Amino acid sequence: MRRSERRNNLQICPRRDSNTGGSDLLSRTLPLDHGGALIVSKMSGAEAKDDNSFFMKLTIKSLSSRFPNVKNASTHLVHQWMYGQDQGEGKESGGDGASAPAAKEDDPGRVVILDARPPEEYDVSHVVGAIRVHPSAELSDVEKTISLLKEHEGKQSVVSYCSLGYRGLKYADTLNQQLKKEHPELENNIRVYNLEGGLFKWANEDKPMVDHKDRPTIYAHPYNTLFGKLLYHHMRREQPEP
């Protein structure tokens, strides 16, 4: 049986560790005063019925509060950037999780999608064209990403994501800080966002994903049994399709 402990007002759920990074991160992200992991753990059989469910909103707000300097881009907005289709109102969100309309005439420029998850999650599915980056957001890995961004001279919108948000937010925050500190000349052309609700919300909305063989898929890695409850049950898969 797993034991839970409280440390610094956080619910910590011990689970497997991994050299790929981020395996135990999400379980440590939700402050108890926001409900967080404690409330998600009480969902039991009553899973999220839609992406605007109370539990999804609560999780997004709680995760975002830890990275107030990172903007969230809604799944609808990012889909519109990628495919030019308006599947709902495009929105940008501040770090508090509250959304504000994004101007439709706003040109995102080149859209770069970063997947901040380990290979076993990425292989099951990822956003089409997503570049996998290390979820630990180490500076050496972030600098590699910046080198890729430097290859393009124009405007770029960089969207980082993971299952729900912690690893994506952490990577976006580190990338933003590194750009400001070491590459201020790029700040005007590069905007960095976190994908609000992560791949779970993207998948729940039936937005395009592919697996490790670049085949379209509806499945997503559930991350763990606790937070996987925010992904529709029929979409959960821990191994890629053969």
* Asked: Using modelled amide H (1.01 Å from N, peptide plane; none on Pro or chain starts), what sits under 5 Å from the amide H of Met209, excluding residues fewer than 5 places away?
  -> Thr217
* To do: Under 9 Å from the Cβ of Ala137, count the other residues' Cβ atoms, weight Lys and Arg +1, Asp and Glu -1, and hand me the total.
  => -1
* How many nm separate the modelled label positions at Ile131 and Phe54, each set 7 Å beyond the Cα in the direction of the Cβ? -> 4.1
* To do: Quick one: which residues, 5+ away or cross-chain, put their amide H under 5 Å from the amide H of Lys71? H built at 1.01 Å from N.
  => Asn194
* Asked: According to a simple spin-label model (label point 7 Å from Cα along Cα-to-Cβ), what is the distance in nm between Val111 and Glu138?
  -> 3.2
* To do: Return the tail of the calculated pair distribution for region 110-203, meaning the percent of Cα-Cα pairs more than 20 Å apart.
  => 28
* At a Förster distance of 30 Å, what's the computed FRET efficiency of Glu120 paired with Glu187, Cβ-Cβ distance as r, to 0.05? -> 0.30
* Under the Karplus curve 6.51 cos²θ - 1.76 cosθ + 1.60, θ = phi - 60°, whole-Hz ³J(HN,Hα) for region 54-60, x wherever Gly or Pro sits -> 4, 5, 5, 4, 5, 5, 4
* Sorted by mean Cβ packing within 10 Å, highest first, what order do the peptides 61-73, 192-204 take? -> 192-204, 61-73
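Any read-out appearing in this document is the output of simple, stated calculations on the displayed coordinates, not a laboratory observation. The structure presented is a predicted model; accordingly, all values stated were derived computationally and were not measured. Ideal geometry is used to build each Cβ from the backbone, glycine not excepted, and the neighbour counts take in all protein chains shown.
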